[in-house]
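Presented below is the structure to which this report refers.
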Amino acid sequence: MNYYARTIPTENDWKELFSIVEQGDLNTFKARKSVFTEKIHLGRACKGWRFLFNHNNWEYYHSADDFWAWLQSKRIVDEHERSVDYVEFLKIVLATKDGKNAWHYKQKYPQLYIYKDDAFFFEDVVFF
């Protein structure tokens, strides 16, 4: 199962969007709205495997600690758009800690970069 994060609009974000609509600036509205409709791939949980995180070229976080802090302000959804709360997501990840790891993919897929950080695995290519 793949998991994603979405940015949650604040009250000020909504006010800004409404103001842009009132001004009739459709291009700015589309650009600004895309921040809230974008799905950021968090990673994948597969039965028998450790959770494999997508580091997204470190654009949003730089370590496992950064990841968990960043994620608290996001809406988490699975690949079917079902909401998953933060605690539930953490339980999903921790339930996989004794699973197989993905290091063997380094030999099979040399272009795949896997980084180990605080016992979590990050990848830069989604190939599942």
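Summary table
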{"read-out": "Under 5 Å, built H, 5+ apart or other chain: amide partners of Lys74", "value": "none"}
{"read-out": "Burial ordering of Tyr86, Tyr3, fewest other beta-carbon atoms within 10 Å first", "value": "Tyr86, Tyr3"}
{"read-out": "Pairs beyond 18 Å (Cα-Cα), from Lys39/Lys74; Lys74/Lys97; Lys47/Lys74", "value": "Lys74/Lys97; Lys47/Lys74"}
{"read-out": "Long-range HN-HN contacts of Gly99 with modeled amide H, under 5 Å", "value": "Arg50"}
{"read-out": "Rounded FRET efficiency, nearest 0.05, which uses the C-beta distance separating Val87 from Lys39 and R0 of 30 Å", "value": "0.90"}
{"read-out": "Loop-located GluC sites (Glu not before Pro) in region 1-86 whose Cβ has at most 11 other Cβ within 10 Å (DSSP)", "value": "Glu38, Glu59, Glu81"}
{"read-out": "Positive-end extreme of charge dipole, region 21-68 - chosen from Tyr60, Ile40, Thr28 (charges on Cβ)", "value": "Ile40"}
{"read-out": "Label zone at Lys30, where the point sits 7 Å out along the Cα-to-Cβ direction: region 1-23 residues whose backbone N lies under 15 Å", "value": "21"}
{"read-out": "Projected label distance in nm at Glu79 and Thr10, using a 7 Å step from Cα toward the beta-carbon", "value": "3.4 nm"}
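Just so you know, all these numbers are worked out from the coordinates, no wet-lab data involved. What you see is a predicted model, and the numbers here were worked out from it, not measured in a lab. Using ideal geometry, Cβ is built from the backbone for each residue, glycine included, and neighbour counts are taken over all protein chains shown.
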